[in-house]
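Here's the structure, in structure tokens; my notes come after.
The values are calculated or read from the model by the stated rules, or taken from the named source; none is laboratory data. Only a predicted model underlies this, so the values are computations on that prediction, with no experimental measurement involved. Here the Cβ positions follow ideal geometry from the backbone for every residue, glycine too, while neighbour counts run over all protein chains shown. The accessibility values were calculated without ligands, DNA or RNA, using every heavy atom of the protein model including side chains. Shrake-Rupley method; radii C 1.70, N 1.55, O 1.52, S 1.80 Å.
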Amino acid sequence: MRVKPKKHLGQHFLNDPNIASKIINSLTYANYLKVLEIGPGMGVLTEFLLQKNIETFVSEIDTESIEYLLIHYPQLKNHIVGDFLKLDIPSLFNQSLAIIGNFPYNISSQIIFKILENKSLIPEMVGMFQKEVAERIVAAKGNKIYGILSVLTQAYYKTEYLFTVHEHVFIPPPKVKSAVIRLTRYRDTIEGIDNNLFIRIVKAGFNQRRKTLRNALKSLAIPEYLSNHNYLSLRAEQLSVDDFIKLTEMWRQK
Ligand code: SAH
């Protein structure tokens, strides 16, 4: 029995054990005792993960895949959880865990936002995304694709583009190329600023990325004393992560 790929679940099964092993070997296995794989499918990555000396959990939404996994990897019993987007991570895991996976591409951004929401428990992530999303996450200021995902991720994690993966190693092949990236947390909070305000400023700024920040941030009620600041005559994509942090810092001071 093999799992029949279902499009609406973003199922593209990796068919190359060398790439699977390379992905699993891209985690450092330092600073955490557990790993959660998102979307194991038929377990091409899981098989290598289970050879590592680390407690492994998998999050899978497809009942056919779960059946397959339990037959082939009986040691996963009691280690399978459901829909990643619905998991209450702090109540399932009271200790740090790493996240890994060849992710379902239809929910890539939601996976990143969920990791960011739970960053205090997640020191590291290695994941395969569609190449374009991977590039957005690691993009620097001045790049056309630099945006919300880049700034919010890089504010807390070092981001590394590890390698590109071609369509033909998947069944069925996706329409786009893929890429594996690694996130390594260097802080879980930015000291001295309101982290929620920081997130709101970044989102509002890029949601109207063609406008200057003076216009894009209007809905956040820009403090009067900031109204002539140079940052506000720029567009969001012209600010570095540190610039956004400085802007948030100034916003607070009365
Ligand atoms: N890791 C496997 C499968 C990748 S395809 C491989 O490399 O071959 C993506 C997988 O994510 C599918 O198995 C799909 O069922 C699963 N998936 C889709 N949405 C999910 C969700 N919300 N939570 C957990 N898994 C999900």
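Suppose the filter is open to solvent by less than 60 Å² (accessible area, probe 1.4 Å), among the polar types (S, T, N, Q) and more than 11 Å from the ligand (Cβ to nearest atom); does Ser59 pass it?
Here the answer is no, as Ser59 does not meet what is asked.
Scan region 2-17 and report the pairs whose first residue is closer than 17 Å to Ile61 by Cβ and whose second residue is of a type in the set (A, V, I, L, M) and open to solvent by 40 Å² or more (accessible area, probe 1.4 Å), with Cβ atoms within less than 8 Å and a gap of 6+ or a chain change.
Note: pairs meeting the criteria are Pro5/Ile171; Leu9/Ile61; His12/Ile171; Phe13/Val44; Phe13/Ile171.
If Thr46 satisfies every condition in (1) on the phi > 0 side of the Ramachandran plot; (2) buried (at least 21 other Cβ atoms within 10 Å of the Cβ) but one, which is the exception?
Here Thr46 clears every test but (1).
Which one is surrounded by the fewest Cβ atoms within 10 Å (Cβ to Cβ), of the residues in region 68-125 that are small (Gly, Ala, Ser) and either part of a helix (DSSP H, G or I) or more than 15 Å from the ligand (Cβ to nearest atom) (or both)?
Filtering first and then ranking leaves Ser91.
Do we have Ser178 as in contact with a Phe, Trp or Tyr (Cβ under 9 Å, 6 or more places away or on another chain) and polar (S, T, N, Q) here?
yes
Being assigned to a loop (DSSP other than H, G, I, E, B), within 11 Å of the ligand (Cβ to nearest atom), under 19 Å from the mean Cα position of the chain (by Cα) and modelled with pLDDT of 95 or more is the filter here, so list the residues in region 1-40 that pass it.
Gln11, His12, Gly39, Pro40 - these are the residues of region 1-40 that are assigned to a loop (DSSP other than H, G, I, E, B), within 11 Å of the ligand (Cβ to nearest atom), under 19 Å from the mean Cα position of the chain (by Cα) and modelled with pLDDT of 95 or more.
Are any residues in region 15-39 open to solvent by 10 Å² or more (accessible area, probe 1.4 Å) and closer than 18 Å to Leu69 by Cβ, and if so, which ones?
Those that are open to solvent by 10 Å² or more (accessible area, probe 1.4 Å) and closer than 18 Å to Leu69 by Cβ: Asn15, Pro17, Lys34, Gly39.
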